[in-house]
Every structure is written in C-alpha cells, then in structure tokens.
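Remarks on the structure that follows.
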Amino acid sequence: MSKLVKVTRVAQERTGQAGLAKTLLRYVFPDHWSFLWGEIALYCFIVLVITGTYLTLFFHPSYDQVVYHGSYAPLRGHTMSQAYKSVVDISFSVKAGLLVRQTHHWAADVFMAAIVVHMMRIFFTGAYRKPREVNWYLGVTMFTVAMLEGYMGYSLVDDLLSGMGLVIGWAVALSIPLIGAPLASLIWNGEFPGGNDFWSRLYIAHVFIVPLLLFALIGAHLLFIMLLRHTQFPGPGRTERNVVGSAMWPTYALRSLGLFCAVVGVLFLLGGLVQINPIWLWGPYHTYAAENGAQPDWYVGWLIGALRSMPNFEPSIDGVTIVPNPFWGGVLFPTVVIGFLYAWPTIDRWVSGDRRRHDLLDRPRDAPWRTAAGAAFATWVATPFFETAGDRLFVQFDIPYTAQVEVFRALWVIAPVIAFVVALRVCKALAASDRHPLRQAPPAHLRRTASGGFEMVEPAPLPSATESNGKLDNGAARVAPPGNYETR
Amino acid sequence: VAQDTLIEERPNLEPSPDAEEVAEIVERGGAGITRKRMLATSAGAAGVALGAAFIVPAASLGPWVGDATVQSPWRRGRRLVDEQGTPVPASAVAMGGFVTAFAEGVDKEALGSSLIVVRIDPASVAVRRDWAPQGIMAYSKICTHAGCAVAMMRYPLFSGNAPGPALVCPCHYSTFDITHGARVVFGPAGRPLPQLPLQIDASGYLVADGPLSGDVGPSWTGVDRGSA
C-alpha cells in the first residue's frame with residue numbers, strides 16, 4: 001500500500017469526504033484562452049493580500065503632523081502627516097519596502113484591469129444568462145467594491161495626489177441632495193480633512209472590512225461556478241448539458257499554478273522595474289496646494305472625466321442650490337453605469353424573450369444587438385476616461401482645455417451611437433460570412449478506404465469524467481483532443 | 001502535463017420536488033408558532049424604535065440645510081499671513097501673479113483659511129472695486145466645485161480675443177473670472193469663489209475688511225449660490 005493511500009484512508013476515516021475529493025479531482029474545466037482573466041484577477045488579489053500585509057507592518061494610519069528628518073533629502077524639514085512619512089520611509093528605508101509597495105500598487109491596477117476584461121468577456125459571450133445571473137451580480141458587486149478599495153488604498157498615503165482625490169470624494173459625498181452634508185460629516189467626522197478619526201476609519205476599511213467583503217464575494221463567486229460548472233464555447237461533442245475540457249488533476253491545477261506563478265512574477269517585475277506613484281515627488285498633501293497634470297489611477301479616470309465634462313448645471317431655487325454639480329458626474333453617472341450592469345441580465349431576457357438555460361456561449365457576432373449595445377455602453381464609459389488625460393493633451397500638444405472639454409462633451413453623446421452602428425454592422429457581416437456554404441463544417445468526418453473510396457465516420461465519443469474515475473491512466477480516459485473547433 | 005480531454009454532465013437544474021419539499025418544511029415549522037401576529041408586530045415595533053433611535057444622532061451629525069460645512073475664520077481686521085505665518089505686505093503680490101495666504105492664528109489646513117491673492121490693473125476690476133485696493137483681490141483658494149486648491153492663474157495680456165485674467169482649478173478646469181468677483185466662466189463649478197474684502201493697513205500689510213462673500217468649498221443642498 002503506497003503512502004498516499006494511507007493518507008487518503010486516514011482522511012476518509014476522519015472526514016468521509018473521499019467522494020467529494022474524487023469529484024473535485026475529476027472536475028472538468030473547458031479550455032479557452034479567454035477564460036483566464038478571472039483567474040488573473042484572483043491571483044492579483046492574493047498578491048494584494050500578501051504585499052498589503054507586509055505594508056501594514058510599517059504603515060502608520062495617523063494624521064498627526066510631523067516634521068520629516070528622514071533619508072530623502074528634498075523633503076527634510078517639511079511638515080507632513082505620520083501616514084505620508086511612513087510611506088516615504090517604506091519607500092526609502094524599509095528593506096524591500098519600495099518593491100513591495102510598488103508591487104502592491106501594480107497588482108491593484110492589474111486586478112482592476114483583469115476584472116474589467118473578464119467582465120467584458122462574460123458580457124460579450126452571453127455567459128451571464130440563466131442560470132448564472134447571480135454570479136454576474138456578484139461580479140458587478142466585486143468590481144464596485146474593488147474600485148472603492150483601490151481608491152481608499154491610494155488615499156491612505158496622504159500625498160498631494162491622493163489628498164486631491166480625497167477632497168473630491170468629500171465634495172461628491174456633500175453633493176448628494178439633502179443627505180450629502182450630514183453624510184460627509186459622518187464619514188469625515190466633521191469638516192474635511194477630518195484628522196485622525198477619519199484616518200482610522202479609512203485604514204480599517206481598506207485593510208480589513210473591504211478585503212473581508214471581497215474575500216467573501218470571491219468565495220461565493222467560485223462556489224457558484226463549481227455548482228453550475230463553467231460555460232463553454234460550442235464545439236464537437238459539446239452540448240448544453242455537458243462540459244468538455246481538462247480535468248482538475250493533473251491538467252488544470254498544474255496549468256493554473258503556472259498562471260499563478262506567471263502573474264506573481266510579472267507583478268513583482270513591474271514592482272521592481274517600473275516606477276509607479278512616486279509619492280516623494282508629489283510631496284505631502286495640504287488643503288491649499290494642488291498639482292497640475294496629475295493623473296489618477298486608471299480605474300477612477302472615468303469618474304474624473306465625468307466630473308470634468310459635466311456642463312455647469314446646478315438646479316437651484318431662489319438662489320439656494322438644490323443639486324450640487326459633482327452629483328451628476330460623481331454619483332449619478334456611476335450609479336447609472338453600475339445599475340445598467342446589474343440590470344443587464346433582465347434587459348437581455350426582456351429584449352430577446354429568451355428564458356432558457358444557457359451553458360453554451362455565444363460569440364460576439366452571434367448576438368449582434370447585444371454586442372452593439374455593449375460596445376455603445378463601453379464607449380459611453382470610456383469617453384470621459386479619455387477626457388481625464390486632457391491636461392496631458394494640453395501640455396504635450398498645446399490644445400486648450402476649453403476646446404477639449406467641448407469636444408469630449410459632444411463625443412460623450414455621439415461616440416456611443418457610432419460604436420453601436422459600427423458594432424452592429426461588423427457583427428452582421430461576420431455572421432453572414434459564417435453562413436457562406438464553403439465555411440460550413442462537413443456533417444461527418446471522411447476516411448479514405450484501402451480500396452481508394454471514402455467512407456463516413458462518426459466522431460469518437462468523448463470519455464466521461466465520472467466513467468473514468470477509478471481507472472486512471474488505463475488509456476481509456478485518454479482521447480485525442482477534438483481537432484476541428486469550427487462551430488457550424 | 002497530461003492533456004486529457006474529459007466530458008462531464010452538468011448538474012440538473014430542472015424543477016425538482018425537493019424545492020417544494022423545502023418550502024413545505026419551512027412552512028410546517030412556522031405553523032407550530034402561535035401568535036405569529038404578535039411576533040411580527042413586536043419585530044416591526046423594534047425596527048421602528050431602532051430607526052427612530054438613529055434619527056437623533058443622525059440629525060446631530062453635522063450641517064443641515066443652511067449651515068456651513070466649512071467654518072470661516074475671516075472677519076474684519078484679521079491679517080493675511082504666508083505659509084511661515086508672517087504678514088503679507090501688499091508689495092508681495094506682483095502684477096499678474098498670485099500668492100497663497102492664510103488667516104493669522106488659524107490652522108493652515110482648515111479649508112476656510114486659505115486664500116489666493118491676485119493683483120491686476122485696478123482699472124479692469126469691474127465689480128467690488130472698494131474690496132480691491134491697488135487691484136489686489138483675495139478669493140477663497142478652495143474650489144466651489146470639488147474642493148481642490150485653485151492653484152492656477154490665467155493672465156493673458158488682453159491681445160486680440162485672448163480670455164481675460166482668471167483663476168483655474170487643475171482638477172476639473174473650473175475657471176473663475178477675477179475681474180467680475182470670480183464668477184464662473186467655464187467648467188463645472190456652480191458658484192463663484194467667495195471673495196474677501198481687503199484693505200491695506202498703515203504698515204502696508206493686507207488685512208480683511210469683512211467676512212468672505214459666501215460659503216467656502218464645494219456645494220451642498222441648501223448652500224447659498226452667492227453672487228459675483
């Protein structure tokens with residue numbers, strides 16, 4: 001009896017879960033390159049937790065003002081908060097501090113990028129349809145929470161850039177009609193910048209409450225995938241009722257471990273080689289100081305651009321403001337965007353009238369209206385994102401900021417319409433070319449016979465994951481991968 | 001790594017008698033509870049009481065309609081000082097330039113304290129001329145849109161159709177015309193920057209000649225739009 005068998009026996013006699021372990025080992029993952037974005041996001045989260053934990057060992061979440069006498073000469077003699085000073089110290093004095101800090105920041109940026117691309121993959125292939133609506137809602141929630149988490153993370157540093165971001169956050173909170181002022185006072189414990197009470201709140205939210213929430217959401221997200229199995233693209237042997245792909249063990253687990261190592265490696269390479277958020281150059285935040293040409297982290301760019309592009313419009317009665325302007329770009333716009341994402345599975349059901357269960361994915365061209373709507377929506381969100389780079393356009397190309405804003409306001413309305421029309425036409429053209437007779441897959445495989453003729457052969461049936469249990473590596477479980485993935 | 005391709009059946013999600021049974025078990029359990037009405041009523045009453053208990057702290061949280069979110073330290077006679085706390089003489093403000101000033105004896109970080117002090121040709125000051133000795137004007141440095149420090153000044157020489165002198169916020173490009181009491185000429189801000197009436201004292205230093213003309217910082221429901 002091998003040692004492993006002893007271990008599994010001991011485990012079975014203590015837990016009785018050998019059956020579950022067997023199912024998990026033979027759990028089937030369909031193969032498609034576009035399925036890795038969610039995994040990249042997951043691995044970024046792991047890197048964020050590990051690097052973030054290291055940073056908490058040295059970070060002081062305190063607004064107390066101190067005079068800097070550290071190793072970075074240009075800042076000596078400057079008054080700054082303990083928080084900012086401790087991050088400067090992490091960058092210059094703590095062993096591997098700068099590497100870990102930069103890796104943490106890069107991981108946050110890649111995390112958000114992976115989430116966004118993953119969400120687009122789910123959207124454009126229709127993977128959110130029944131029975132996976134709940135997982136779509138969980139995903140949209142994670143996107144929102146992760147964005148907030150990132151914003152809080154770089155706000156904690158209290159450098160000039162992050163302070164400007166925080167004061168805008170305060171103004172956006174203030175701008176909520178009726179409840180804005182008390183709400184902002186509640187969060188900031190009175191007037192901005194809020195002092196130590198606010199810093200304690202920001203810190204515990206960033207390092208404990210929100211990560212815990214994200215952890216729970218990720219768990220629920222993965223649990224739902226496990227319950228329903230992955231979606232798959234159509235192909236030979238693939239139906240709405242089965243999953244065709246590689247088993248957890250040995251194939252997928254090892255492959256995914258490889259991806260994990262690659263993600264960690266790339267993030268640490270970025271953290272070690274590519275400078276990000278050099279806070280010692282921005283200097284400490286002061287309410288009376290500001291910097292031009294400042295760019296936020298990419299995932300809040302759409303909100304800065306929305307605040308910037310909004311026309312000067314503040315409804316008022318009798319000289320008293322009712323709705324302050326930051327409400328439109330800072331509250332209403334993201335609420336509409338997130339609300340649209342939450343509503344999308346319902347909108348899809350309503351437009352298509354399709355209430356059936358879907359485990360096979362569409363290609364974007366298969367549902368032109370969905371792809372066109374998604375393209376228009378993405379363009380609508382991306383236009384203010386590009387507006388955020390306006391100060392760079394001003395500095396690099398000398399384009400006046402006033403003209404830029406006018407152009408972006410117009411684009412905000414026009415570009416989504418253009419995107420819709422173009423996407424619709426492209427999808428329809430692609431779908432039409434698919435229907436061309438020469439692109440049709442043959443109904444069956446042909447084989448040349450010894451006599452020189454041809455005979456039809458049915459594709460060999462794929463082995464079932466459950467059948468192959470218990471008879472590993474006897475050859476019966478192995479088949480050649482289906483060669484032709486043409487779907488029609 | 002082995003590249004097996006396996007096939008697995010998906011879980012059955014068809015309607016199942018189990019679902020009905022679950023509902024039945026829950027219902028049967030609930031049927032044993034007598035005085036359900038009383039339970040529901042007391043739960044409702046507890047909820048209402050808890051909600052009401054939150055109103056008091058919520059109401060005392062801070063500024064409600066009409067209050068100020070930012071306290072202003074400015075009143076007549078308060079001197080303007082620089083970052084080091086030394087009084088600012090009128091001569092420190094160059095034509096077409098600006099300096100940042102604070103209320104004497106007040107925390108510089110307090111939003112109500114900081115000012116952007118500019119000087120332009122006195123003849124081009126269109127409104128509140130008696131607030132602008134020698135063409136020197138002081139405005140709150142905190143943008144009325146989103147609270148960033150208004151840290152840029154546009155000072156063209158009025159050639160051709162160049163825009164007039166203005167303060168620009170780097171965050172969202174709100175642009176305030178300083179010849180007209182910092183009225184908004186571009187960008188998302190809805191209110192002019194509050195202006196501080198200035199005078200020059202006997203020793204040549206800048207001194208406030210009254211309170212700010214409006215509320216400092218970003219707007220909330222109920223803030224006075226102010227005039228420029």
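The values are calculated or read from the model by the stated rules, or taken from the named source; none is laboratory data. Model, not experiment: these values are computed from the prediction. Reconstructed Cβ throughout: ideal geometry from the backbone, glycine too, with neighbour counts over all protein chains shown.
Is one or more of the residues making up segment A:101-112 buried (at least 23 other Cβ atoms within 10 Å of the Cβ), in contact with a Cys (Cβ under 7 Å, 6 or more places away or on another chain), more than 14 Å from every other protein chain (Cβ to nearest Cβ) and part of a helix (DSSP H, G or I)? Yes; the residues of segment A:101-112 include at least one that is buried (at least 23 other Cβ atoms within 10 Å of the Cβ), in contact with a Cys (Cβ under 7 Å, 6 or more places away or on another chain), more than 14 Å from every other protein chain (Cβ to nearest Cβ) and part of a helix (DSSP H, G or I). Taken over segment A:185-201, the criterion of being in a helix (DSSP H, G or I), more than 7 Å from every other protein chain (Cβ to nearest Cβ) and either closer than 14 Å to B:Gln71 by Cα or among the hydrophobic types (A, V, I, L, M, F, W, C) (or both) is satisfied by A:Ile187, A:Trp188, A:Phe198, A:Trp199. Remark: pairs (first residue in segment B:170-196, within 8 Å of chain A (Cβ to nearest Cβ) and in contact (Cβ under 8 Å) with a residue 60 or more places away in the chain; second residue aromatic (Phe, Trp, Tyr) and surrounded by 24 or more Cβ atoms within 10 Å (Cβ to Cβ); Cβ separation under 8 Å; 6+ apart in sequence or on different chains) are absent.
Answer with yes or no whether B:Thr221 is within 14 Å of chain A (Cβ to nearest Cβ), out of contact with any Lys or Arg (no Cβ under 9 Å at 6 or more places or on another chain) and of a type in the set (S, T, N, Q). Spelling it out, B:Thr221 is indeed within 14 Å of chain A (Cβ to nearest Cβ), out of contact with any Lys or Arg (no Cβ under 9 Å at 6 or more places or on another chain) and of a type in the set (S, T, N, Q). Restricting attention to segment A:279-309, the residues that are more than 11 Å from chain B (Cβ to nearest Cβ) and free of Cβ contacts under 8 Å to residues at least 60 places away in the same chain total 1. Cβ separations smaller than 9 Å between residues 6+ apart or across chains give the following pairs from segment A:3-14 residues that are surrounded by 10 or more Cβ atoms within 10 Å (Cβ to Cβ) to residues that are of a type in the set (A, V, I, L, M) and in a helix (DSSP H, G or I): A:Thr8/A:Ala18; A:Thr8/A:Ala21; A:Arg9/A:Ala18; A:Ala11/A:Ala18; A:Ala11/A:Ala21; A:Gln12/A:Ala18; A:Gln12/A:Ala21. Looking at A:Ala419, A:Ala431, can you tell me which residue is touching a Ser or Thr at 6+ places or on another chain (Cβ under 6 Å) and modelled with pLDDT of 60 or more? Only one candidate qualifies: A:Ala419. Annotation: A:Arg447 fulfils all but one of (1) modelled with pLDDT under 85; (2) in contact with a Lys or Arg (Cβ under 8 Å, 6 or more places away or on another chain); (3) more than 30 Å from B:Pro170 (Cα to Cα); the unmet one is (2). Residue pairs whose Cβ atoms lie under 8 Å apart, sitting 6 or more positions apart in sequence or on different chains, and linking a residue in segment B:1-23 that is over 23 Å from A:Pro236 (Cα atoms) to a partner that is among the aromatic types (Phe, Trp, Tyr) and modelled with pLDDT of 85 or more, do not occur here.
Within segment A:234-254, restricting attention to residues that are at the interface with chain B (Cβ under 7 Å from one of its Cβ atoms) and surrounded by fewer than 16 Cβ atoms within 10 Å (Cβ to Cβ), which residue is farthest from the chain's Cα centre (by Cα)? Per the criteria, the residue is A:Gly237. Within segment A:390-435, being touching a residue at least 40 places away in the same chain (Cβ under 8 Å), surrounded by 16 or more Cβ atoms within 10 Å (Cβ to Cβ) and within 13 Å of another protein chain (Cβ to nearest Cβ) holds for A:Gly390, A:Asp391, A:Val405, A:Phe408, A:Arg409. Filtering segment A:25-74 to residues that are under 20 Å from A:Ile122 (Cβ atoms), crowded, with 18+ Cβ neighbours inside 10 Å and at pLDDT 95 or above leaves A:Trp37, A:Gly38, A:Ile40, A:Ala41, A:Leu42, A:Tyr43, A:Cys44, A:Phe45. Which members of segment B:1-48 meet the condition of being small (Gly, Ala, Ser), in a helix (DSSP H, G or I) and under 30 Å from A:Phe29 (Cβ atoms)? Across segment B:1-48, the qualifying residue is only B:Ala19.
The condition of being on the phi > 0 side of the Ramachandran plot and touching a Leu at 6+ places or on another chain (Cβ under 9 Å) holds for only one of A:Gly97, A:Gly126, that being A:Gly126. Scanning segment A:343-368 for residues that are under 25 Å from the mean Cα position of the chain (by Cα) and either among the β-branched types (Val, Ile, Thr) or surrounded by fewer than 14 Cβ atoms within 10 Å (Cβ to Cβ) (or both) yields A:Ala343, A:Thr346, A:Ile347.
Using the structure shown, decide if A:Val134 is at pLDDT 95 or above, under 29 Å from A:Ser91 (Cβ atoms) and of a type in the set (A, V, I, L, M, F, W, C). Criteria not met by A:Val134.
For segment B:192-228, a residue qualifies if it is in a loop (DSSP other than H, G, I, E, B), more than 16 Å from B:Arg128 (Cβ to Cβ) and within 18 Å of the chain's Cα centre (by Cα), and the qualifying residues are B:Asp215, B:Val216, B:Gly217, B:Pro218, B:Ser219, B:Trp220, B:Thr221, B:Gly222, B:Val223, B:Arg225.
Only one residue in A:Val157, A:Val140, A:Val207, A:Val145 is more than 8 Å from chain B (Cβ to nearest Cβ), on the phi < 0 side of the Ramachandran plot, surrounded by fewer than 16 Cβ atoms within 10 Å (Cβ to Cβ) and among the β-branched types (Val, Ile, Thr), so which one is that? Reasoning before the result, please.
On the way: A:Val157 fails: surrounded by fewer than 16 Cβ atoms within 10 Å (Cβ to Cβ); A:Val140 fails: surrounded by fewer than 16 Cβ atoms within 10 Å (Cβ to Cβ); A:Val207 fails: surrounded by fewer than 16 Cβ atoms within 10 Å (Cβ to Cβ).
The conditions single out A:Val145.
Can you say whether A:Ser162 is polar (S, T, N, Q), in a helix (DSSP H, G or I), touching a residue at least 12 places away in the same chain (Cβ under 8 Å) and on the phi < 0 side of the Ramachandran plot, as far as the supplied structure shows?
In short, yes.
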